[in-house]
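Student: Take a look at this one; I'll ask things after.
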């Protein structure tokens, strides 16, 4: 509401330079005349022919002996400049471009990476695919909602900044008008000052020097003091005009900042946000494709691995079957070993039998000897 009132206040101000010797009289509002924008200068070249005629006519109305007139000379424009500066300052204070910067930072914060840590393992790929995509969708939905809210606020700021830019154009025109008025007051004052010093003051000085009368000297001194006081007043107006000169680029700087911020907001709304949304759609599509390819690769690898294992098992089983089918009921090695064992057994039996016969023969001979010895011994006992 304050900005609207401020805008209306500027709209009511005239952009046509005016000169007055009674700055605080009641003035009716006039319709501003068309005026070409000009950059502030320091000479009469910035004035139109009509404005130059106004300066010449106004200079003839200045009465340096009127203390009230000298005191109020150009004060109306100075007052308008003071009010204008206060309004411009209030306009700058009412802005909060820092909030816009924070909102743009908030957009960047929301557009973070959506990658999730992947699960490991063959069967984990099917689980992680679903989880990751769902997480991405959830994060995207949350970020999109936040970004949309931020965009709404940014759009409001954009509209306000555009209004402010138009308002600053009006302020620039008013500042140029005040600059012209001050320049016209200064030019008129200097013309009058030059006229008085070159005419009336010179005449009074010459008269005082010629007459030597104190009253003539006093009159010359008083007029010289009035010229000096009026010269100081013109100097004050020149200082005010310098403020007006400095205000013009300051208004353009603020206006440029507003324009840059509007362009930044516009770029964010029409470029950054749609690009981010399209990239998120692409990211989801790529994630689907990537995970499908990964799953297919895992299935293919597992299939190949199973085929290789089954082929190796089939080979081993076939070879073993063939070997077994070619074997006899009893292996030759087994028959050979059995035969050798049987021969060895028979040899041992024969050796045992031979040893037995030999031992029996020896025992029979030994028994015969024992019997003969016993008989011999018995015969000896009987004899």
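Bear in mind that the values in this text are calculations on the coordinates, not laboratory data. Values in this document were obtained by computation on a predicted structure and should not be read as measured data. Glycine gets a Cβ as well: all are built from the backbone with ideal geometry, and neighbour counts include every protein chain shown.
Student: Residue 202 label point, 7 Å along Cα→Cβ, cut-off 19 Å on backbone N: hits in the stretch 43-81?
Tutor: 60, 64
Student: Another question about this same structure. Suppose the Debye formula is applied to equal point scatterers at every Cα of the stretch 172-315; what is log10 I(q)/I(0) at q = 0.16, 0.21 Å⁻¹?
Tutor: Log-scaled intensity ratios, in q order: -0.97, -1.16.
Student: Once the cut-off is 12 Å, how many percent of the Cα-Cα pairs in the stretch 335-383 end up in the long-distance tail?
Tutor: Value for the stretch 335-383 (Cα pairs over 12 Å): 73 percent.
Student: On the principal axes of its Cα set, how long, how wide and how thick is the stretch 261-309? Give whole Å, largest value first.
Tutor: Sorted largest first, the three principal extents are 68, 11, 6 Å.
Student: Further question on the same structure: Treat each spin label as a single point 7 Å out from the Cα along the C-beta direction, and report the residue 371 to residue 57 distance in nm.
Tutor: 19.5
Student: Here is a follow-up. Over the C-alpha atoms of the stretch 156-223, what are the Rg and the largest Cα-to-Cα span, Dmax, in Å?
Tutor: Radius of gyration, then largest Cα-Cα span, for the stretch 156-223: 24.6, 79 Å.
Student: Note the per residue figure in Å³ for the convex hull of the C-alpha positions in the stretch 204-284.
Tutor: Considering the Cα atoms of the stretch 204-284, their hull volume per residue is 68 Å³.
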